[in-house]
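The values are calculated or read from the model by the stated rules, or taken from the named source; none is laboratory data. All values derive from a computational prediction rather than experimental measurement. Positions of Cβ are backbone-derived with ideal geometry, glycine not excepted, and every protein chain shown enters the neighbour counts. Note: accessible area is taken over every heavy atom of the protein model, side chains too, but ligands, DNA and RNA are not part of it. Shrake-Rupley method; radii C 1.70, N 1.55, O 1.52, S 1.80 Å.
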Amino acid sequence: MTENSGKTIAEKILSEHSSNKTISPGEFIEADIDLVMVHEQLGGRIHKEYEKLELDKVWDPDKIFFILDHWVPAPSIEAAKMHQDCRKFAKKYKFKHDIGMDKGICHQVLPELGFAKPGMLIVGSDSHTTTYGAFNCFSTGIGATDVSVVFATGKLWFMVPETQKFSLKGQLRENVMSKDLILQIIRDLSIGGAEYKSMEFHGDGIKSLSIDSRMTVSNMVVEAGAKSGIFIPDNELVEWLKGRSISNYKLTMPDDNAVYVEEFNYDLSQIVPVVAKPASPDNVVPVSELPEIKIDQAFLGSCTNGRLEDLRQAAQILKNKKIHPDVRLIVIPASKEIYLKAIREGLIEIFLNSGAIVGNPTCGPCFGGHLGVLGPNEICISTTNRNFIGRMGDITSQIYLASPTTTVASALKGKIVDPREV
Amino acid sequence: MKEIKGRVFLFGDNINTDDIIPHRYLTLRDNGEIAKHVLENLRPDFVQNVRKGDIIVAGKNFGSGSSREEAVNVLKVLGIEAVIAESFARIYFRNLINLGIPALKINDVKKKFSEGDILKISIKNEVIVNETKKIKIQMCKIPKFLVEILEVGGILNKIK
Ligand code: SF4
């Protein structure tokens, strides 16, 4: 990169948060953090690591977003103890934003409450912190020790990532969802294909993707190894922010002469329903190429696909129908806000009438925690983001990752099917 | 940094954090208790066989998945002193360095290392000696900034 070359969004946001204004990929910098998100990890490791520093305060109690979401409400004594330690820590260090355990999953609630604004540098104790890239933020996951460093100093070291450019055009077809797009991208890149890189999403095709749809894409970029997955800002985003009275932000566009390591083009109208077969998110095939696969469970929820748009599309398919008698369908809205809207719109009634079990907002089954853990040899189709061995339960259980429409269509048929065929 | 000497435990590509330590054990929170389950899905005998000083060698994209630092800390608890891989997932890489465990990127690991080989690693001289195979392997340069973190035994010691 030369002195005169422009910057990508990731490079811009990082340089604006660092004293080094001429950064280039591969360089190590120290950057000021705008916000750090923590969940149960606070009571898991972070509090123990932080206590080692013997500090009686945190750098800025106003810049910490603390929520309980993984094991909510506590399904075991161990989880309850973890929650106790979290709350104790949050009180002791006077966290201003203790969000509690009734609001939903971190990556949904944080933007809903207006904490993710364009141009921000956000880190979180969770790998899917990349989700806020949909809001034109540079956001990424970090471990417990990193969180302790941020708590103490407000700063963190970064290696400036190279950027991959994704140009989208066209529009998704009916019952094809942005989940199909991101699974297709992960397949094309493979699970290490974006290692250490920032993915940047451009093009006219973005316009047809709602903020909900974009969040699903940014959520899963980490499955290709990416450090962040940032959308260029547009009118849709500005309107969304206005709708929530969110102000004081900095829309960040890349420079025209920004340098990208790789460029990819996707025509959204060519995307078809796909699934990621066990046990890797890049093991992706079109649903139409699968042999007959009977399922025991279907899960609609998580920070990937538990949003209102997901519930609406799923309800459209389930309306006035019953799920297959051999299948358990579990539906978990990603936040209380979504849950309430879904109740008002009659979606929850449709789910319950179809034979689904509706749970309170939590991560729950996504990581094999509670509310739908898989038994030996069971097969689950799931709207979540990881299908690693044993992720949702027994190590012999199998997970197929899919969009909300594919997931519920499969619940109706008792086997994995293309949602355009039900 | 002192020299590291230990045996190789060899793994393939894309070992993820759910493989290293399944999420469901995280509520145990006692490091010793969590560490009893390290890599149990892939190799149920790993925990019994591993000894202080041993070295994990893996293929591409080691440590992909979750940000859970337990997946690094449990290796520390078991005495693993270095991890060599063809590439690392980024959060895992950070977590290794931050906890003071060298994360060394080496190409073609299968040609250079076998299960049980004895290695001697000198970070200072940027060289790995495979004593069993009698070969010397040059490492990629580790940025000075990261060596400083390793030298003090992890980033918390640096900011103390
Ligand atoms: S829903 Fe699943 S992927 Fe998302 S934060 Fe919770 S456990 Fe992680």
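Structure above, values below:
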| read-out | value |
| --- | --- |
| Every residue from the stretch B:10-49 that is buried (at least 21 other Cβ atoms within 10 Å of the Cβ) and in contact with a strand residue (DSSP E or B) (Cβ under 8 Å, 6 or more places away or on another chain) | B:11, B:14, B:15, B:16, B:17 |
| So residue B:75, is it touching a residue at least 24 places away in the same chain (Cβ under 8 Å) and more than 12 Å from every other protein chain (Cβ to nearest Cβ) | yes |
| Residue match in the stretch A:65-87 (condition: within 23 Å of residue A:9 (Cβ to Cβ), within 15 Å of the ligand (Cβ to nearest atom), out of contact with any strand residue (DSSP E or B) (no Cβ under 9 Å at 6 or more places or on another chain) and in contact (Cβ under 8 Å) with a residue 12 or more places away in the chain) | no |
| Candidates A:357, A:338 - the one that is surrounded by 20 or more Cβ atoms within 10 Å (Cβ to Cβ), away from the ligand (no atom under 12 Å from the Cβ) and more than 14 Å from chain B (Cβ to nearest Cβ) | A:338 |
| Unique match (being within 9 Å of chain B (Cβ to nearest Cβ) and open to solvent by 20 Å² or more (accessible area, probe 1.4 Å)) among A:165, A:103, A:81, A:92 | A:81 |
| Selection count where residues are closer than 20 Å to residue A:314 by Cα, open to solvent by less than 10 Å² (accessible area, probe 1.4 Å) and part of a helix (DSSP H, G or I), scope the stretch A:367-413 | 8 |
| Total residues in the stretch A:48-72, condition more than 9 Å from chain B (Cβ to nearest Cβ) and not in a helix (DSSP H, G or I) | 13 |
| Residue that is nearest to the other protein chains (Cβ to nearest Cβ) [pool: residues in the stretch A:124-143 that are more than 22 Å from residue B:98 (Cβ to Cβ) and outside any helix (DSSP H, G or I)] | A:137 |
| Search result, residues across the stretch A:103-139 that are away from the ligand (no atom under 16 Å from the Cβ) and touching a Pro at 6+ places or on another chain (Cβ under 8 Å) | A:118, A:135, A:136, A:137 |
| Some residue of the stretch A:228-250 being more than 24 Å from residue A:408 (Cα to Cα), within 16 Å of the ligand (Cβ to nearest atom) and within 14 Å of another protein chain (Cβ to nearest Cβ) | yes |
| Boolean, residue B:123 is away from chain A (no Cβ under 14 Å), among the β-branched types (Val, Ile, Thr) and open to solvent by 40 Å² or more (accessible area, probe 1.4 Å) | no |
